[in-house]
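Below is one structure; the comments refer to it alone.
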């Protein structure tokens, strides 16, 4: 997945891998941030109900932040309504950091796990929608497909703990409102790479809700 050529602001400091790109430490004053107070309150209120199977069993409920990242929310809603996220594994899970899933191309149950994390949907990559919303425990962010900030596509991750070093480098798209106990139980991968041995946990179904 190839995004735009935006030059990253900050010190290149790899701390983990999300998709095939690295996480970088952002400097204060990163340009392009969207103030959450400036967004419209008249957009549809979308959410997700994710049924998880594996070491974790149960449902994760996510409030999607369409007022913060409307294009990213639209992408997730579209893929979920198409059923593309069903039976997709949590292919990268790092203790104390995050659980990543959403590779609708290579991350399906029964596929080649060695390829999981390298794919995306048939839709174009998305331009970043950075905001002032920080990465806290339970925050849902969009993974990137490379070093470009404009390379998010279908993959997303859920934070086990706060990760302020991601602020201004990855788009926040949602927040877990119920089921963090399920998130906490997701099968862990290797401490550095996050690659999961054996059978990873999976999203059995991903349903869109609307208030």
The stretch 25-51 - residue that is under 22 Å from residue 162 (Cα atoms) and in contact with a helix residue (DSSP H, G or I) (Cβ under 8 Å, 6 or more places away or on another chain) and, of those, modelled with the lowest pLDDT: 25
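Per-residue answers, yes or no, for (1) in contact (Cβ under 8 Å) with a residue 40 or more places away in the chain; (2) surrounded by 24 or more Cβ atoms within 10 Å (Cβ to Cβ); (3) part of a loop (DSSP other than H, G, I, E, B); (4) in contact with a strand residue (DSSP E or B) (Cβ under 6 Å, 6 or more places away or on another chain):
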residue: 99; (1), (2), (3), (4): yes, yes, no, yes
residue: 124; (1), (2), (3), (4): no, no, yes, no
residue: 128; (1), (2), (3), (4): yes, yes, yes, no
residue: 135; (1), (2), (3), (4): no, no, yes, yes
residue: 142; (1), (2), (3), (4): yes, yes, no, yes
residue: 153; (1), (2), (3), (4): yes, yes, no, no
residue: 158; (1), (2), (3), (4): yes, yes, no, yes
residue: 173; (1), (2), (3), (4): yes, yes, no, yes
residue: 187; (1), (2), (3), (4): yes, no, yes, no
Qualifying residue in the stretch 108-123 (condition: within 22 Å of residue 210 (Cα to Cα) and at pLDDT 95 or above): no
Test for residue 49: is it surrounded by fewer than 20 Cβ atoms within 10 Å (Cβ to Cβ), in contact (Cβ under 8 Å) with a residue 60 or more places away in the chain and in contact with a strand residue (DSSP E or B) (Cβ under 7 Å, 6 or more places away or on another chain): yes
The stretch 85-97, subset crowded, with 22+ Cβ neighbours inside 10 Å and touching a strand residue (DSSP E or B) at 6+ places or on another chain (Cβ under 6 Å), residue farthest from residue 187 (Cα to Cα): 85
Conditions (1) assigned to a loop (DSSP other than H, G, I, E, B); (2) more than 14 Å from the chain's Cα centre (by Cα); number of the one not met by residue 114: (1)
Residues being surrounded by 15 or more Cβ atoms within 10 Å (Cβ to Cβ) and in a helix (DSSP H, G or I) - total across the stretch 175-185: 3
Matching residues, the stretch 63-97, being in a strand (DSSP E or B) and under 16 Å from residue 154 (Cα atoms): 64, 88, 89, 92
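The values are calculated or read from the model by the stated rules, or taken from the named source; none is laboratory data. Since the model is a prediction, treat every value here as computed from it, not as a measurement. Cβ atoms come from the backbone with ideal geometry, glycine included; neighbour counts cover every protein chain shown.
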